[in-house]
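Structure first, commentary second.
The values are calculated or read from the model by the stated rules, or taken from the named source; none is laboratory data. These figures come from a predicted structure and were not determined experimentally. Glycine also receives a Cβ, built like all others from the backbone with ideal geometry; neighbour counts cover every protein chain displayed.
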There are 2 protein chains.
Amino acid sequence: MRRLTVFNSVSLDGFFTDARGDMSFAKGDPHDAEWNAFVGGNASGDGTLLFGRKTYEMMASFWPTPMATQMKPDDAAGMNRMHKVVFSRSLHEATWNNTTLVTGDLAGAVRELKAAPGRGMVILGSGSIVAQLAQARLIDEYQFVVCPVVLGAGRTMFDGVTDRLPLRRLESRAFANGNVFLRYEPIA
Amino acid sequence: MRRLTVFNSVSLDGFFTDARGDMSFAKGDPHDAEWNAFVGGNASGDGTLLFGRKTYEMMASFWPTPMATQMKPDDAAGMNRMHKVVFSRSLHEATWNNTTLVTGDLAGAVRELKAAPGRGMVILGSGSIVAQLAQARLIDEYQFVVCPVVLGAGRTMFDGVTDRLPLRRLESRAFANGNVFLRYEPIA
């Protein structure tokens, strides 16, 4: 089975976007070499990225542009190269390079993806997707970067999860820029 | 100035109580000696505890009882002995030992308490109090125990905070029971 991981930055009050969908609170200090190495290591993977529509549209409107290549050449090349899956009932096509559009049953499609051969899969952003797959117990690992800021309002990625989800902590790593990386897996 | 600290356990999705006001998710493993020493050290302080009405009523209905003394003798003695302040517009009296009821302006009362001589003050629970005092920039330190569980719904202690609150991380400590203790102060 391919492993399905969620990777998201969260505020101290648990939000992965603010009330307007803004995720810019999650920027780390660009002069923190250890942090930059950590982020760069994540972006260089060659697994599959899974998105909901909102996060997909945000990413697809940036990474293929010349501005992205100029600002973050390595990340842009990786994001454009990696295989991507977007889950949406309203999109008719997905034009970003190497992207598959799935319009049908989310949990069923993810079960098929997990059973197929290949490398690991990572969900970025995509709160409604995370909530549905967490509830269906299809996520194998949760990775959070807890950022040193309170937002006051925003979206959690677990809205609609009706059963408590107990987790086992696998890793805790504090960065000099104030971020804390936490890694968990569900307790079966 | 007396230092005002918030100490709360939070779920991974940022809630300090679940949707029904239940905080039992925050229980640590009772066999984790390091965790027990940490909790015991916190409860043995002789500062002042600050509460909103809901948390006060929950605490006041338990700690003075024989059951509390039987279950947690040291914590009960400490909680009953410490000076406590409850902020409420609806309570008419506060009968728990060593408790002062404040019915007037919250921020003004806290400014007076901070200026008075004495030891540090700690807010437990009391989400609406934390939110108002965070917004008024009257809290000097935030201490969170991030528990390894997703609740799906609940209350954050920052509901109503309208301005982003950037923080500096002071400490990060991972316990064997899966809890992660994080300590922050506001960036002036």
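Looking at the structure I just gave you, is residue B:1 touching a residue at least 24 places away in the same chain (Cβ under 8 Å), within 16 Å of residue B:129 (Cα to Cα) and out of contact with any strand residue (DSSP E or B) (no Cβ under 8 Å at 6 or more places or on another chain)?
No.
Assess whether residue A:182 counts as being under 23 Å from residue B:164 (Cβ atoms) and more than 7 Å from chain B (Cβ to nearest Cβ).
In short, no.
Taking region B:10-21 only, how many residues are of a type in the set (D, E, K, R) and either within 13 Å of residue B:149 (Cα to Cα) or at pLDDT below 90 (or both)?
Residues that pass the stated criteria total 2.
Is it the case that region A:47-60 has a residue that's more than 24 Å from residue A:142 (Cα to Cα), modelled with pLDDT of 90 or more and touching a helix residue (DSSP H, G or I) at 6+ places or on another chain (Cβ under 8 Å)?
no
Mind checking which residues of region B:1-25 are small (Gly, Ala, Ser) and over 25 Å from residue B:110 (Cβ atoms)?
Answer for region B:1-25, where residues must be small (Gly, Ala, Ser) and over 25 Å from residue B:110 (Cβ atoms): B:11, B:19, B:24.
With the condition being in contact with a Pro (Cβ under 7 Å, 6 or more places away or on another chain) and surrounded by 15 or more Cβ atoms within 10 Å (Cβ to Cβ), I'd like the strands (runs of 3 or more DSSP E) fully within region A:133-188 carrying at least 2 qualifying residues.
Those strands (runs of 3 or more DSSP E) span A:165-174.
All but one of (1) within 14 Å of another protein chain (Cβ to nearest Cβ); (2) modelled with pLDDT of 95 or more; (3) surrounded by 13 or more Cβ atoms within 10 Å (Cβ to Cβ) hold for residue A:114, so report the exception by its number.
Of (1) within 14 Å of another protein chain (Cβ to nearest Cβ); (2) modelled with pLDDT of 95 or more; (3) surrounded by 13 or more Cβ atoms within 10 Å (Cβ to Cβ), only one is false for residue A:114: (1).
Within region A:138-184, track down each residue that is at positive phi and out of contact with any strand residue (DSSP E or B) (no Cβ under 7 Å at 6 or more places or on another chain).
A:152, A:160, listed by residue number.
Name the residues in region B:8-38 that are away from every other protein chain (no Cβ under 14 Å) and within 30 Å of residue A:161 (Cα to Cα), would you?
B:21, B:30, B:31 - these are the residues of region B:8-38 that are away from every other protein chain (no Cβ under 14 Å) and within 30 Å of residue A:161 (Cα to Cα).
Can you find a residue that is of a type outside the set (Phe, Trp, Tyr) and farther than 23 Å from residue B:165 by Cβ anywhere in region B:121-136?
No, region B:121-136 contains no residue that is of a type outside the set (Phe, Trp, Tyr) and farther than 23 Å from residue B:165 by Cβ.
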